Amino acid sequence: MQLLLATRNRHKLKELAPLLKDLQIDVISAKDVPKLPEIVEDGATVRDNAVKKAVETARVAKKLTLADDTGLEVDALKGEPGVRSARFAGEEATYHENNKLLLQKLEGVPYEKRSARFRCVVAIADENGLYECVEAICNGTILEAERGGGGFGYDPLFIADGQTKTFAEISPEVKN
């Protein structure tokens, strides 16, 4: 049996691989399926995007498909960047550009008012459009400058509650 991961993002693939290694299935990615269309993430929520990616990819590929979407919600910014986290600084923005814009918008906001959370939804769908999804939240705080060389996205700015290091400073095992 195969499980298709509905992503071409090499960072997500690297992060998901260790979590799925003990399953008795062959895990493949969207890169492994020729002519698979790019799914437009135009949902109003990260849940909408995760479900859309899973359902549409499963229907086209005719394979059991797992998709996720994650958004960073910053309280001082009324939940931004949220569902637009990957495109916060523009459609083709780099991780660095997104981080830079986030820091600009939080300039002058004291540490105790920089609360945030990563909201992640994982959806799994079959080729008939049947799906299930789960949601998890990791609460934390946004720093005033990037720290660490690991991870991706907003990881260099985010410290989870109860931690002293950013997601970019901890091992993937601890982050997972």
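The values are calculated or read from the model by the stated rules, or taken from the named source; none is laboratory data. This is a predicted model, so every value here is computed, not measured. Counting neighbours? That spans all protein chains shown, and the Cβs are built from the backbone with ideal geometry, glycine included. Accessible surface is based on the protein model in full, side chains and every heavy atom, while ligands, DNA and RNA are left aside. Shrake-Rupley method; radii C 1.70, N 1.55, O 1.52, S 1.80 Å.
Peptides 45-54, 108-117 ranked from most to least packed, by the mean per-residue count of other Cβ atoms within 10 Å: 45-54, 108-117. For the range 65-75, 3J(HN,Hα) computed residue by residue from phi via the Karplus equation (6.51, -1.76, 1.60; θ = phi - 60°) reads 10, 10, 9, 9, 9, 10, x, 9, 10, 10, 4 Hz, glycine and proline entered as x. Surface composition of the range 10-65: carbon and sulfur make up 54 percent of the accessible area, probe 1.4 Å. Annotation: extensible slack from residue 136 through residue 1 equals 45.9 nm (criterion: 0.36 nm per residue apart, minus Cα-Cα distance).
Which of 166, 111, 133 sits farthest toward the positive end of the charge dipole of the range 72-176, with +1 on the Cβ of Lys and Arg and -1 on the Cβ of Asp and Glu? Toward the positive end, the furthest listed residue is 111. If R₀ is 30 angstrom, what is the calculated FRET efficiency for the pair residue 145 and residue 48, using the beta carbon separation as r and rounding to 0.05? After rounding to 0.05, the efficiency reads 0.35.
Using the average count of surrounding beta-carbon atoms within 10 Å as a protection proxy, the listed peptides 55-65, 93-103, 157-167 rank, highest first, as 55-65, 157-167, 93-103.
In a reduced charge model with +1 at each Lys and Arg Cβ and -1 at each Asp and Glu Cβ, the range 15-108 shows a dipole moment near 320 debye about its Cα centre. Mean separation of Cα pairs under 8 Å and 6 or more residues apart, divided by the residue count, gives the chain a relative contact order of 19 percent. Under 18 Å from a label point set 7 Å out along the Cα-to-Cβ vector of residue 17, the amide N atoms of the range 156-176 belong to 171-176.
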